1. Can you give the alpha-carbon Rg of chain B over 2.2 N^0.38 Å, where N counts its residues?
2. Report the relative contact order of segment A:10-111, percent, no decimals, based on alpha-carbon pairs under 8 angstrom and at least 6 residues apart.
3. Full-extension gain between residue B:17 and residue B:107, please, as 0.36 nm times their residue separation minus the C-alpha to C-alpha distance.
4. Hey, in the GNM for chain B with a 10 angstrom Cα cutoff, which one of B:274, B:310, B:289 fluctuates hardest?
5. Report, to one decimal in Å, the Kirkwood hydrodynamic radius for the protein assembly as shown based on all distinct Cα pairs.
6. Could you order A:61, B:347 by accessible surface area, starting with the largest, using a probe radius of 1.4 Å?
7. Taking amide H positions as placed 1.01 Å from N in the peptide plane, with prolines and chain starts having none, which residues 5 or more places from residue B:225, or on another chain, fall under 5 Å of its amide H?
8. Along segment B:93-99, what does the Karplus equation 6.51 cos²θ - 1.76 cosθ + 1.60 (θ = phi - 60°) give for ³J(HN,Hα), rounded to whole Hz, x for Gly and Pro?
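The values are calculated or read from the model by the stated rules, or taken from the named source; none is laboratory data. Predicted model only: the values in this text are computed from it and were never measured. No Cβ is skipped: glycine too gets one built from the backbone with ideal geometry, and neighbour counts run over all protein chains shown. These area figures cover heavy atoms from the full protein model, side chains too; ligands, DNA and RNA do not enter into them. Shrake-Rupley method; radii C 1.70, N 1.55, O 1.52, S 1.80 Å.
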Amino acid sequence: MGVRLKKPWLALAPELVASLPGQLGVFQLANEHREVVYIGFAGARSLFGLKGELGHRLGKWPFFRVEVNMAYRTRYRELLMAHFSDHGCYPTENTAEETAGLGRLSLTALTKIAVKTKVGS
Amino acid sequence: MLVRMVRRFVREEIVPLELDLDPDTDELAEEDSIRLKAIVQSMGLFGLGIPEEYGGPDIDMVTQTLISMEISQHRAGLYAPCYGVFGGAGLAQLFESSDAQKESYLYPTLRGEKRGFFGLTEPSGGSDPARAIQTRAVRDGDDWVINGSKIFISGADRADFGLVFARTSPDKGRGGVTCFIVDTDTPGFYVRRIVHTLRSAHYATELQFEDMRVPHANVLGGVNKGFAIANDRLSRQRIPYSAGCIGVAIKAHEMAVEYSKIRETFGAPLSSRQSIQWMLVDNEIDIQQARWATLEAADLADKGLPFRKQAAMAKLVSTEGASRVVDRSMQIHGGYGVTKDFPFERWYREMRIRRIGEGPSEVQRHIIARDILGSSLR
């Protein structure tokens, strides 16, 4: 499992959502440019898990992708923090309450160090 | 009376809140947290583990241990007892810091303005930190330059500063380790990645230090005296760590006893079956053993007597015993026991970590054996 979710985007359409598992996990929503606009999770209180969470969001955004994951809370936070590390901001549709108190990752800074070291060597 | 008051607080204020919380969360809504902290302050118990001269409650280690056994008796109780509304000492090593360090780090931490992390374990090992530490600190004028990495570090991504242990004298073994107070906005400080574990409510982090410059004024406790700081913390921490396990075991056992009386199989309650009765008996024995061992260690600590062996025994007996109690209680609950509707699955996962964290069972046995034999085994 990589830090970033890299699965292909799927159309957020009723027939695809209906085929999703009712399991716990994380998901991302994207706009027409396939830019992440929201990161969410289907937790143990979500009725029908990922299928239920995405069913509530039909018609709001064109694309989605999911990852079944029992550790949905930590994975959710990791995806938000990775997004911040990559873009300098959180996804536009995540509320301030959802992102309050999140930590910071140094993914981008460390990539630059690794490249610099490689070039130097 | 104090213990009964805390028990009532947990049952009337914390447990009902969990009915609506995500079963894997370790945080409360801010308004609930503020409200509950005010209640704890009115009970005179805010800041458990903080010395009285720094504003903590005036209670001894035995009482603190009994309270720790109560505040862990809920779903999130093992790692987030009462969701942190009792406050706590956090990085107790800072009580030994210089006046200037206290102003910059200890007092802001006690006021809730700063957060710290404890950075000891490295990819090369955690059970033998004195030898495993490979992070190097080299003196350069008024600074130290630190290079290396740490793993399984809690809260570093959200912290303002941390205690980082680094090797300053490569040829001195445990006498060559120094503790540095490091601000997390220091250039060269990186949170490399999140480390996911069984404890899905919370993650650890891996850190990397690249030519990180730390002023000499940020050395805590003196150069090459870091291992004593780490070691003291590890011994003392084992007592509340044990008490938390016992609290969860008590709650799991209590639920198993109740369930066994109402759940019927083949026309009779589970409690009438000898196989179930023996499970409950074994639960009771595991809990009593752990309670006695932990309270003895706390009593010795209160009296200023050596308690390293007793703390190791308490840690060993309570983590292993509580693991068995949670397992048996889950078994008695059958299919419900493994669902997220009940707290057992969370306790089962988190309790497994307890046999490794703060020194695994094998290290505790090593400490006890060394004490029995009267000298180092190595």
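1. 1.03
2. 29
3. Computed gain between residue B:17 and residue B:107 is 29.3 nm.
4. B:274
5. It works out to 24.6 Å.
6. Putting A:61, B:347 in descending order of accessible area: A:61, B:347.
7. B:179
8. Each residue of segment B:93-99 in turn: 4, 5, 5, 9, 7, 6, 4 Hz.
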